[in-house]
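Some notes on the structure that comes next.
Here, each number is a calculation from the coordinates, and none is a lab measurement. Quick caveat, the model's predicted, so the values are computed rather than measured. Virtual Cβ from ideal backbone geometry, glycine too; neighbours counted across all protein chains shown.
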Amino acid sequence: MPNNRRIGREYALKMLFALQLDKEQSGPNQLLETFWNNFRFADDALGEPLDILEAPLTTAAKLYTEKIVTGVVEFRAVIDKELTETAKNWSVARMAPVDLSILRIGTYELLYCPDVPVPVVIDEAIEIAKRYGTKESPAFINGLLDKIAKNLIKKNS
């Protein structure tokens, strides 16, 4: 069974992906409310939707999801700037939406969640990319997040 933060990251991935497709730009608060009110998933971390309202979701997983979603939205300009500067030949507009969402989550955690160790951020992003991305996603995400982490260490030294 994945831990609360893994579950939170996977929910955040789905919400951030949906936010990229949101033509009305309803914002993260509306997205969070709609998501929590309408989607229930099995205990296998985002398995098949359940018909019952009493779906298993810990408070910790829900809170971590909301922290990531609101944080990524709030700091998206900084996160995207970091991604653009690191991925020299790739603009965020060219990145696959799933990869971009995973990268935004990982970059947010690297920049704003000092309680999460760098190797954990990168490993979690890779594992989520294996599940939701393409065959090339894990290596792409690993390379970018590793460079961002190394750049942050240099800046903070």
Open item on the list: Quick check: from the Cα gyration tensor, does the stretch 92-133 come out rounded (a/c under 1.5), prolate or oblate?
Closed with: oblate
Open item on the list: Going by average Cβ density within 10 Å per residue, which order do the peptides 5-14, 88-97 take, highest to lowest?
Closed with: 5-14, 88-97
- [ ] Extending each Cα 7 Å along its Cβ direction at Phe35 and Asp123, get the distance between those two points in nm, one decimal.
- [x] 2.4
- [ ] Identify the GluC sites (Glu not before Pro) of the stretch 122-157 meeting these criteria: DSSP loop state and at most 16 other C-beta atoms within 10 Å of the C-beta.
- [x] Glu136
Task: Entries in Lys14/Lys154; Lys62/Lys88; Lys81/Lys130; Lys88/Lys135; Lys14/Lys155 that, when Cα-Cα distance is taken, lie over 28 Å - done: Lys14/Lys154; Lys62/Lys88; Lys14/Lys155
